[in-house]
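Chemist: Take a look at this one; I'll ask things after.
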Amino acid sequence: MLQEQDAVAGALGLLDAEALMRRLAEAGRTVAHAFDATWRAADRLLGGPVPRGRRPLADGVVEHGGEVALARGVSPRTDPVLVLRAAAAAAQAGLPLAPAAVTALAAQSPPMPVPWPAAARDALVALLGAGRAAVPVWEELDQAGVLVRLLPDWERVRHRPQRNPVHRYTVDRHLIETAAAAAAHTRDVSRPDLLLIAALLHDVGKGWPGDHSATGAVVARDIGTRIGLPPADVAVLERVVRHHLLLPETATRRDLDDPVTISRVAEAVGSREVLELLAALAVADGAATGPAAWNAWKASLVADLVRRTRSVLSGAQPPPAPTLSADRASLARHGGCAVRVGGGAVTVVAPAVRHSAGLLWRAAGVLAAHRMVVRAASAASAGGTAVIEFSVVPEYGSPPDPATLEADLRLVLAGRLDIEERLARRARSMRPSRVPVAPPRVTLLDDASATATVIEVRAHDRPGLLWRIGRAFGDCGLDVRAARVETLGAEAVDVFYVVDRAGRPLTDAVQRAQVRDQVLAALR
């Protein structure tokens, strides 16, 4: 359990929970590596006669007996690039490195010249470009201690645990998994080599204090110089690592219809080359993180942001906001509220003038009362119609009957159903969590919009959270003009564009403080 890690670390004489989890990850990887190697050797022994021939794969590298070995008479002592050339050949052929070859390369390879020769850099890119086949080869180099000699900064991320529950891998494994995923997108960018290297290094700052994107950019710049990239490419690599979270975070936490949002992204990106690298990296990073980090909803928002930013970088006017689709418009044709439920998606449509105030949180309350967990939501207005899209999953068991859910949503939006008592009963029946969680945080983001006040709420997720936040806004006399709601593991990251009843952003310091306090009170 998370809360026991520091005590266990102390009992073992380790510094803290991080040291404990790194030691545990290292032990697990060592066992898994030995297990895989043993089974591979057993398969070779039981698989019948092994072909005796040697097929050349690269200079000094051959395939022999289903493995990649060093050619006869080849010594790593005089060729520092051989280790990467052999690894790239193995990954590209989809074969394992022979244990004897790994041992010889680890023990005899001389230090790589700094900056790296072009052949070494090309071999690294070829290794990463093999996609999934690169992962076991990379693991062999890591277990043999080769990686930290080639890239000394790798030591800081080796076996480092992720403190975010959406991550399924340690930092180092996440980096090679991201590079493997990025290999599928090399046709989408003009510089596939920089995409693969940026994917490998995008989280390298997690081994240093401070914001990992900022510190990682510095480390990536040093590594880019070390491996011999020209200065212009080093600058691109540094910018991509610095802004690798820009697209997914902006797409899911900002109103894309607000001109300030797009102009700020375009300014940070600076060029279409960097934009396409960031777009491909966002997909690869999300896929390598875990199912909670990337889905169709987030992919569509990122694609929309990229489309708008590309237009600005091309010197064109930003594309117009998407109009309401015909099926969404038809839902509100008769001037009332309408609901559509299908699978894990719930769409609520209503005339913006009559129902936008409180529409988001009232609908969220109904979903919470029906034991539906809101994983993501977006709220916007188009053509005088307010539209909220929810991505939901049942708390447990089967989802509720869509007809019943629709009926309750219609009743509460029409003011004929008080959902608060249902939520209160749910809260009383729930057992309080014994796991300590960080206190909620409410931040008013200045300069994020010229037409609304942007409020970011971070809190531990629980049933009815969105209802509580929205009701606090309503009690403060605020309307939610747009929203981006996302749940990452057990943590909610919700962003709201709010205005007062006159449609203006909040400028009074006392009012801003009251809003913050009111929302915090609702979360406790």
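The values are calculated or read from the model by the stated rules, or taken from the named source; none is laboratory data. In this text the structure is predicted, and so the values were computed from the model without any measurement. For neighbour counting, all protein chains shown are included, and Cβ atoms are generated from backbone atoms with ideal geometry for every residue, glycine included. To get the accessible areas, we keep the full protein, side chains included, count just its heavy atoms, and leave off ligands, DNA and RNA. Shrake-Rupley method; radii C 1.70, N 1.55, O 1.52, S 1.80 Å.
Chemist: Tell me which residues, restricted to the stretch 467-485, are open to solvent by 10 Å² or more (accessible area, probe 1.4 Å), touching a residue at least 40 places away in the same chain (Cβ under 8 Å) and of a type outside the set (Phe, Trp, Tyr). Break it down into steps so the answer makes sense when it comes.
Modeler: Going through the stretch 467-485, the residues open to solvent by 10 Å² or more (accessible area, probe 1.4 Å) turn out to be 467-468, 471, 474-477, 479-481, 484.
Within this subset, residues satisfying the condition of being touching a residue at least 40 places away in the same chain (Cβ under 8 Å) are 467-468, 471, 474-476, 479-481, 484.
Passing the criteria: Arg468, Arg471, Gly474, Asp475, Cys476, Asp479, Val480, Arg481, Arg484.
Chemist: Also: Name the helices (runs of 4 or more DSSP H) wholly inside the stretch 210-299 in which the number of residues that are under 20 Å from Ala180 (Cα atoms) and not polar (S, T, N, Q) is 3 or more. I'd like the intermediate steps shown before the answer.
Modeler: Working: elements: 212-226, 231-242, 246-253, 259-269, 272-289.
Result: 212-226, 231-242, 272-289.
Chemist: Turning to a different aspect of this structure: It is to be established whether one or more residues within the stretch 208-218 are within 20 Å of His174 (Cα to Cα), open to solvent by 70 Å² or more (accessible area, probe 1.4 Å) and of a type in the set (D, E, K, R). Lay out the reasoning, then the answer.
Modeler: As a first pass, look at the stretch 208-218 and keep what is within 20 Å of His174 (Cα to Cα): 208-218.
Remaining after also requiring open to solvent by 70 Å² or more (accessible area, probe 1.4 Å): 208-209, 211.
From what's left, of a type in the set (D, E, K, R): 211.
Scanning the stretch 208-218, I find at least one residue that is within 20 Å of His174 (Cα to Cα), open to solvent by 70 Å² or more (accessible area, probe 1.4 Å) and of a type in the set (D, E, K, R), so the answer is yes.
Chemist: As an exercise: evaluate Tyr396 against (1) in contact with a His (Cβ under 8 Å, 6 or more places away or on another chain); (2) over 22 Å from Asp479 (Cβ atoms); (3) not small (Gly, Ala, Ser) and give the number of the one condition it does not meet.
Modeler: Going through the list (1) in contact with a His (Cβ under 8 Å, 6 or more places away or on another chain); (2) over 22 Å from Asp479 (Cβ atoms); (3) not small (Gly, Ala, Ser), Tyr396 breaks only (1).
Chemist: Before we move on, is Arg504 within 17 Å of Asp257 (Cα to Cα) and of a type in the set (Lys, Arg)?
Modeler: On the way: within 17 Å of Asp257 (Cα to Cα): yes; of a type in the set (Lys, Arg): yes.
When the stated conditions are applied, Arg504 passes them.
Chemist: Is it the case that Leu409 is in a loop (DSSP other than H, G, I, E, B) and more than 22 Å from Val519 (Cα to Cα)?
Modeler: Working: in a loop (DSSP other than H, G, I, E, B): no; more than 22 Å from Val519 (Cα to Cα): yes.
Here the answer is no, as Leu409 does not meet what is asked.
Chemist: Right, here's the next one. Go through (1) buried (at least 18 other Cβ atoms within 10 Å of the Cβ); (2) within 25 Å of His185 (Cα to Cα) for Ala98 and report which single condition fails.
Modeler: It fails just one condition, (2).
Chemist: Please specify each residue of the stretch 228-264 satisfying the condition of being hydroxyl-bearing (Ser, Thr, Tyr) and buried (at least 18 other Cβ atoms within 10 Å of the Cβ). Even if it seems obvious, please write down each step before you answer.
Modeler: Of the stretch 228-264, the ones hydroxyl-bearing (Ser, Thr, Tyr) are 250, 252, 261, 263.
Selection gives Thr250, Thr252, Thr261.
Chemist: Of all residues in the stretch 490-514, how many are assigned to a loop (DSSP other than H, G, I, E, B) and either of a type in the set (D, E, K, R) or open to solvent by 30 Å² or more (accessible area, probe 1.4 Å) (or both)?
Modeler: First, the residues of the stretch 490-514 that are assigned to a loop (DSSP other than H, G, I, E, B): 490, 501-508.
The next check asks that each one be either of a type in the set (D, E, K, R) or open to solvent by 30 Å² or more (accessible area, probe 1.4 Å) (or both); those that pass are 490, 501-505, 507-508.
Here the count works out to 8.
Chemist: Applying the selection to the stretch 177-228, what residues are free of Cβ contacts under 8 Å to residues at least 40 places away in the same chain and touching a helix residue (DSSP H, G or I) at 6+ places or on another chain (Cβ under 6 Å)? I'd like the intermediate steps shown before the answer.
Modeler: Just the residues of the stretch 177-228 that are free of Cβ contacts under 8 Å to residues at least 40 places away in the same chain, to begin with: 187, 205, 209-218, 220-221, 224.
Listed by number, the residues that qualify are Gly205, His212, Ser213, Thr215, Gly216, Ala217, Ala220, Arg221, Gly224.
Chemist: Moving to a separate point now. Filter the stretch 356-386 down to residues that are out of contact with any Ser or Thr (no Cβ under 9 Å at 6 or more places or on another chain), open to solvent by less than 40 Å² (accessible area, probe 1.4 Å) and at pLDDT 80 or above, then give me how many there are.
Modeler: Result for the stretch 356-386: 11.
Chemist: Inspect all residues belonging to the stretch 39-46 and state whether any of them is part of a helix (DSSP H, G or I), exposed (fewer than 14 other Cβ atoms within 10 Å of the Cβ), at pLDDT below 90 and of a type in the set (Asp, Glu). Don't jump to the end; show me each part of the working.
Modeler: Taking the stretch 39-46 first, the residues part of a helix (DSSP H, G or I) are 39-46.
Okay, now just the ones that are also exposed (fewer than 14 other Cβ atoms within 10 Å of the Cβ), so 39, 41-46.
Next, only the ones that are at pLDDT below 90 stay: 39, 41-46.
Those left that are additionally of a type in the set (Asp, Glu): 43.
Yes, the stretch 39-46 contains a residue that is part of a helix (DSSP H, G or I), exposed (fewer than 14 other Cβ atoms within 10 Å of the Cβ), at pLDDT below 90 and of a type in the set (Asp, Glu).
Chemist: Looking at the stretch 408-427 only, could you name the residues that are among the small types (Gly, Ala, Ser), without any contact (Cβ under 8 Å) to a residue 60 or more places away in the chain and over 22 Å from Ala376 (Cα atoms)? Steps first, answer last, please.
Modeler: Restricting attention to the stretch 408-427, the residues satisfying the condition of being among the small types (Gly, Ala, Ser) are 414-415, 424, 427.
Now narrow it down to the ones that are without any contact (Cβ under 8 Å) to a residue 60 or more places away in the chain: 415, 424, 427.
Across the stretch 408-427, the qualifying residues are Gly415, Ala424.
Chemist: Considering only the stretch 75-91, state which residues are open to solvent by 20 Å² or more (accessible area, probe 1.4 Å) and either of a type in the set (Phe, Trp, Tyr) or in contact with a strand residue (DSSP E or B) (Cβ under 8 Å, 6 or more places away or on another chain) (or both). Walk me through how you get there before you give the answer.
Modeler: Taking the stretch 75-91 and keeping what is open to solvent by 20 Å² or more (accessible area, probe 1.4 Å), we get 75, 77-80, 85.
The answer is Arg85, and nothing else.
Chemist: Go through the stretch 265-276 and count every residue that is surrounded by fewer than 21 Cβ atoms within 10 Å (Cβ to Cβ) and of a type in the set (A, V, I, L, M, F, W, C).
Modeler: Within the stretch 265-276, the subset surrounded by fewer than 21 Cβ atoms within 10 Å (Cβ to Cβ) is 266-268, 270-273, 276.
Next cut, of a type in the set (A, V, I, L, M, F, W, C) only: 266, 268.
Number satisfying all stated conditions: 2.
Chemist: Would you mind stating whether Ala69 is modelled with pLDDT of 95 or more, within 30 Å of the chain's Cα centre (by Cα) and hydrophobic (A, V, I, L, M, F, W, C)? Spell out the reasoning first.
Modeler: Values: modelled with pLDDT of 95 or more: yes; within 30 Å of the chain's Cα centre (by Cα): no; hydrophobic (A, V, I, L, M, F, W, C): yes.
No: the conditions fail for Ala69.
Chemist: Hey, which of the helices (runs of 4 or more DSSP H) in the stretch 102-201, taking only ones fully inside, have at least 1 residues that are over 24 Å from Leu229 (Cβ atoms) and open to solvent by less than 40 Å² (accessible area, probe 1.4 Å)?
Modeler: Working: elements: 118-128, 134-143, 146-150, 171-182, 192-201.
Passing ranges, in order: 134-143.
Matching residues to (1) at pLDDT below 80; (2) open to solvent by less than 30 Å² (accessible area, probe 1.4 Å); (3) not in a helix (DSSP H, G or I):
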| position | (1), (2), (3) |
| --- | --- |
| Ile388 | no, yes, yes |
| Gly397 | yes, no, yes |
| Ala403 | no, no, no |
| Arg422 | no, no, no |
| Pro439 | no, no, yes |
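Chemist: Another question, if that's okay. Suppose the filter is of a type outside the set (Asp, Glu) and closer than 12 Å to Glu140 by Cα; does Ala91 pass it?
Modeler: Values: of a type outside the set (Asp, Glu): yes; closer than 12 Å to Glu140 by Cα: yes.
Taking the combined requirement at face value, the residue satisfies it.
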